[in-house]
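Taken together, the values in this text are just the output of simple stated rules run on the coordinates, not laboratory data. Quick caveat: nothing in here was measured; it's all calculated off a predicted structure. Quick reminder, even Gly has a Cβ in these numbers, built from the backbone with ideal geometry, and neighbours come from all protein chains shown.
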Amino acid sequence: MSLLELTNVSKEFSVGGTTTVYALDDVSLTVNAGETLAVIGESGSGKSTLGRLALRLIEPTRGSVHFQGTDMLALPAAGLRQLRAKAQIIFQEPFESLNPRMRVADIVGEPLAIHQPKTPAADRRSRVARVIDQVGLAPEMARRFPGELSGGQQQRVGIARAIVTEPSLIVLDEPTSSLDLSVRAQILQLLADLQTELGMGYLFISHDIHTVRYVSDRIAVMYRGRVVETGPSERVFADPQHPYTRALLAAALPVDPDQELPPARLVGDPVSPTEKVSGCVLYGRCPVGEDRCVQNEVRLTPFDADRAVACIKPGAPGS
Amino acid sequence: MTETLAADPTTVTAPKGRKPRRGRRRLRLWVPSGILAGMLAAAYLAPLPYDPAEPLPDTLAAPDGEHWMGTDKFGIDVFSRLVASAGVDIPLALAGMLISLVVGVLLGLAALHRGPWGERVVRALDVFQAFPLLVLAIALVALMGNNIENVVVAIAIINVPRFVRLVRSEGLTIRESRYVEAAHAIGATGPRVMFRHVLPNMTGIILAQASLAVAHSIVVIASLSFLGIGINAADASWGAMIQTGAQNMTTGQWWVSVFPGLAIFLTVLCFNAISDELQDSFGRARQR
């Protein structure tokens, strides 16, 4: 049984009553206990929507979400609240995600106050102190307000709040993209250490290839609300099959500034998210696209034992 | 884009040296608060030079060393009555504001509930507020009878809409904030989100509004007293004092009306200054 299982999930937002935004289109994913599944994609690819759907912070239009075998969508409000102790989220904007009127100790302690109200306050306090230490914050930070902390410290508070109830799943919604480069590595290291220590499964959402390569066990590449390629990250990075994945990897800047950049592989702009796409979502931008890409539905299909690609000619040489 | 940003002075961060220092900010809050506290303390504790309700034979005496602000047509010492009135007018306004604050905040939070009712409450307030509030206060007091309790109730009723409106509009913004989403994500219940996350983040602006409401109430109470339908005429009240002196204005005895007028002015000014300062410091805290 996988930790988190999303099956054929779609999400459509209605904008102004007339336009529909197709944020997610028939996405299926699993996260296993203790592993990191990285979801990578450009802005507007639906990856943040996916993270919120996984925790039922928003409701999917279609599809099902199972957490540790429990159908999350069937849960009543009270049951869902209870389950939140086990499935947590860390946000992209550390400051905005912390209540500016609460002290760090109260922010970190709130999940305990909610989920273990019968635990003596002293025990909860010592648990909070331990977690604050665990995420690398000095004890005196506990009395500070979020506004008095640096970005990295704020994100550590966000991490502490997420792990205080010992969850088995954490959704990380671009947890480092708003941080300085130097702080970013520390936070990623902390997240990796915590995962080893606590055995949590991570759904790691990011647009940054370098970060994803560093943290992930498996990877799901998203484009325009669909997963276009999944597989173990080493193999996807070494030998990408989908033209979009190839373009994405090729677009990552090399470490050596003198190295020549490959020519851009995709032409044009992504199709508007308000358009319902039949066929391949990349059609029109794809260097190897042909007529049958729009004539038939192009869905994620197994490529080999542990990989899947949504392309009718995966690994086409022209791409 | 950068050019327009630079040209717009509001988006440019003020240089450090020009920011008001913490001490000066404190002063802006504590000076008006101190004046108001002094007025209340004087009304309740200070020995008045004359009885504020006892007529003296010396009617319409001009201000001098004997009567600092003169006497009115009944021979009552204006200064004594002015000070005593502070102990009536300000507490009445505060009490009315407190009731409207509690009722307004609760109604405002209730109006945040999703669904058609929130919108309906706001529509109802629009109708309510389209009515001139002073006229409404007069009508209420006239209907219910003019005693102190009814003045307080009238003050409370006309001030409720501003709190409902404020709490609802602020709440709609805060509800969309990331930390409220985070609160939901850790499994917080609706009431917990409301009272631990939404409400504490609007206390500053509610207090600022409360101070404004008191200032407004002072004027309404004075208006009611001036019209003779507020507090019992025998009780000291600035509005009634202005009314008493109104006839004497034309004959040159300005002091009977002008001093209570100045007292109202000073009180309203103080409450407005407190509101301004609260709003400012709240804005700064939010930007941080």
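Points worth noting:
- Here the simple spin-label model places points 7 Å from the Cα toward Cβ, and for B:L207 and B:E66 these points are separated by 4.8 nm.
- Calculated log₁₀ intensity ratio I(q)/I(0) where the Debye formula runs over C-alpha points of chain A, q = 0.13, 0.16 Å⁻¹: -0.98, -1.35
- Environment charge of A:A78, counting only residues whose C-beta is closer than 14 Å and scoring Lys/Arg +1, Asp/Glu -1: +4
- The mean sequence distance of close C-alpha pairs (under 8 Å, at least 6 residues apart), as a share of the length of the stretch B:150-218, puts its relative contact order at 40 percent.
- Here is the short version for chain A: A:C286, A:C311 have no other Cys C-beta closer than 4.7 Å.
- Across all C-alpha atoms in the stretch B:111-172, the radius of gyration and Dmax reach 13.6, 40 Å.
- From the alpha carbon centroid of the stretch B:199-268 to that of the stretch B:127-180 is 19 Å.
- Two-site FRET efficiency, A:L73 against B:L227, from Cβ-Cβ distance with R₀ of 56 Å, rounded to 0.05: 0.35
- Distance between the stretch A:229-253 and the stretch A:114-184 - C-alpha centres, whole angstrom: 33
- When the charge dipole of the stretch A:168-219 is built from unit charges on Cβ atoms (+1 for Lys and Arg, -1 for Asp and Glu) and taken about the Cα centre, the candidate among A:A185, A:I209, A:G199 whose Cα reaches farthest toward its positive end is A:I209.
- Qualifying GluC sites (Glu not before Pro) in the stretch A:221-276, where qualification requires a DSSP coil assignment and no more than 13 other C-beta atoms within 10 Å, comprise A:E260, A:E275.
- Loop-located GluC sites (Glu not before Pro) in the stretch A:1-87 (DSSP state not H, G, I, E or B) with no more than 14 neighbouring Cβ atoms inside 10 Å: A:E42.
- FRET E, pair A:D123, A:N296, Förster distance 45 Å, beta-carbon r, rounded to 0.05: 0.15
- Built from the Cα atoms of the protein assembly as shown, the convex hull projects on average onto 37.2 nm², one quarter of its surface area.
- Ordering A:A87, B:G239, A:V221 by Cα displacement along the dipole of the protein assembly as shown toward the positive end leaves A:A87 in first place; charges were set at the Cβ atoms of Lys, Arg (+1) and Asp, Glu (-1).
- Options B:V193, B:A86, B:I264, ranked by Cα towards positive dipole end of the stretch B:73-287, top entry (Cβ charges): B:V193
- Relative contact order computed over chain B (Cα-Cα under 8 Å; 6+ residues apart), in percent: 23
- Charged-residue dipole, Cβ positions (Lys, Arg, Asp, Glu), the protein assembly as shown about Cα centre, Debye nearest 20: 620
- In chain A, helices alone account for a calculated mean residue ellipticity at 222 nm of -9000 deg cm²/dmol, with every DSSP H run of four or more residues adding -39,500 (n - 2.57).
- About its Cα centre, the stretch B:73-287 has a charge dipole of approximately 580 debye under the convention of +1 per Lys or Arg Cβ and -1 per Asp or Glu Cβ, with nothing else charged.
- Against chain B, whose longest principal axis is taken from its Cα atoms, helix B:22-45 shows a tilt of about 40°.
- For the stretch B:73-287, average projected area of the Cα convex hull in nm²: 13.7
- Local electrostatic count at A:Q195 - Lys and Arg +1, Asp and Glu -1, tallied over other residues with Cβ under 11 Å: -4
- Size of charge dipole - chain A - debye, nearest 20, with Cβ of Lys, Arg +1 and Asp, Glu -1, no other charges: 960
- Chain B, helix-only ellipticity at 222 nm - DSSP H runs n ≥ 4, -39,500 (n - 2.57), divided by all residues, nearest 500: -23000 deg cm²/dmol
- Relative contact order (percent, whole number), the stretch A:105-260, Cα cutoff 8 Å, 6+ residue spacing: 16
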